[in-house]
């Protein structure tokens, strides 16, 4: 399916502020960039690099005052995500090198403290895809989606205690519980068609049977129509804007629409 996504935000700096932004998706196996537009107002010199997770990053210095950042893209992406009940776990010895990182605990995903909880949740589910799907369904059924409960310091254990959070928090729980079962898992951020309310979104992926699968605990059923912007161990790796000085975030508007296929 062909999706057009727009993200417009304003930021305000008390003094010149260096930042690293992650706002541009890359083409890959599950998505292809057809066109894009990237505007900064006022314009400043920007350079790009690819980080250790494969994300496209922009380096710039926001000048003192207000800046408007606008990104628009048209992507060809999967209408349906792959669902494979019964897919077995990949043995640790057979994991690709770049998946091993996603077995480790991280700042917001203390998986080393969550194995007992993970085992309790999955019960006798088959190791692999079925275990991760049970985790996803458990989060959807037992954690309330609610704003104002979490902040930038909230980790997966905090969210379990609170019993509520937003997509970022749901993803951290899913990643933590999955890693606790020795299955690689990573946080994903991007866009989801027909998300309600519309905003930037977070979900998680697990490496099972030789490939990455998508899991989204905020949704009741599997849904495609996703544009991936960034992958990481947790939210610390996938911030849309990482500032290295005082920076005030202003309004942000996100829109995603499906485009008619060319005739």
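May I ask you to order 74-87, 231-244 by the average number of other C-beta atoms within 10 Å around their residues, highest value first? Display every interim value, and only then the final one.
Values: 74-87: 15.0, 231-244: 18.7.
Ranked by mean Cβ neighbours within 10 Å, highest first: 231-244, 74-87.
Spin-label point model (7 Å from Cα, Cβ direction): what's the residue 221 to residue 48 distance in nm?
That separation, rounded to one decimal, is 3.6 nm.
Which percent, to the nearest 5, of DSSP beta bridges fully inside the chain are antiparallel?
Details: 63 of 65 bridges.
Expressed as a percentage, antiparallel bridges in the chain total about 95.
Which value at 222 nm does the chain reach when only helices count, each DSSP H run of 4 or more adding -39,500 (n - 2.57), with the total divided by all residues and rounded to the nearest 500 deg cm²/dmol?
-5000 deg cm²/dmol
Would you mind checking the tilt of helix 167-180 against the longest principal axis of the Cα atoms of the chain, expressed as 0 to 90 degrees and rounded to 10?
It works out to around 40 degrees.
What fraction of the DSSP beta bridges in region 92-222 is antiparallel, stated in percent and rounded to the nearest 5?
Values: 12 of 14 bridges.
The antiparallel proportion sits near 85 percent.
Under 1.5 on a/c is rounded, so check that first for region 121-263, then, if it is not, pick prolate when a/b is larger than b/c and oblate when it is not; a ≥ b ≥ c are the square roots of the alpha carbon gyration tensor eigenvalues.
Details: a/c = 1.65, a/b = 1.19, b/c = 1.38.
Oblate.
Separation between the residue 12 and residue 66 pseudo-spin-labels, each 7 Å from Cα along Cα→Cβ, expressed in nm?
With each label point 7 Å from Cα toward Cβ, the separation is 0.7 nm.
Rounded if a/c is under 1.5, else prolate if a/b is larger than b/c, else oblate: which is region 52-97, with a ≥ b ≥ c the root eigenvalues of its Cα gyration tensor? Please list the in-between numbers first.
Numbers: a/c = 4.55, a/b = 1.97, b/c = 2.31.
Note, shape of region 52-97 comes out oblate.
For the pair residue 145/residue 257, report the inter-label distance in nm, with labels modelled 7 Å from Cα in the Cβ direction.
2.3 nm
Once a ≥ b ≥ c are taken as the square roots of the eigenvalues of the Cα gyration tensor of region 19-66, is the result rounded (a/c under 1.5), prolate (a/b larger than b/c) or oblate (a/b not larger than b/c)? Write down the numbers at each step before the final one.
On the way: a/c = 3.38, a/b = 1.72, b/c = 1.96.
Here region 19-66 falls in the oblate category.
Given the C-alpha centroids of region 209-252 and region 32-86, what is the distance between them in whole angstrom?
If we compute the Cα centre of each part, the gap is 12 Å.
Rank-order 63-71, 101-109, 144-152 by packing density, defined as the average count of other C-beta atoms within 10 Å over each peptide's residues, highest first. Please list the in-between numbers first.
Details: 63-71: 16.2, 101-109: 20.2, 144-152: 11.6.
Ranking the peptides 63-71, 101-109, 144-152 by packing returns 101-109, 63-71, 144-152.
Just to be sure I understand the curve: with the Debye formula and one point per C-alpha of the chain, what is log10 I(q)/I(0) at q = 0.08, 0.09, 0.17 Å⁻¹?
One equal scatterer on each Cα of the chain leads to -0.32, -0.41, -1.38.
Stretched out fully, how many nm does the piece from residue 76 to residue 20 gain, at 0.36 nm a residue minus the Cα gap? Numbers along the way, then the final one.
Numbers: separation 56, 0.36 × 56 = 20.16 nm, distance 2.61 nm.
Using 0.36 nm per residue and subtracting the Cα-Cα distance, I get 17.5 nm.
Sorting check: for 167-180, 3-16, which peptide has the highest mean count of neighbouring beta carbons within 10 Å, and how do the rest follow?
Numbers: 167-180: 28.1, 3-16: 17.1.
The densest-packed peptide leads the list: 167-180, 3-16.
No lab work stands behind these numbers, since they all come straight from the coordinates. Note that the coordinates shown come from a computational prediction; the quantities given were computed from them, not determined experimentally. Because the Cβ atoms are built from the backbone with ideal geometry, glycine has one as well, and the counts that use them run over all protein chains shown.
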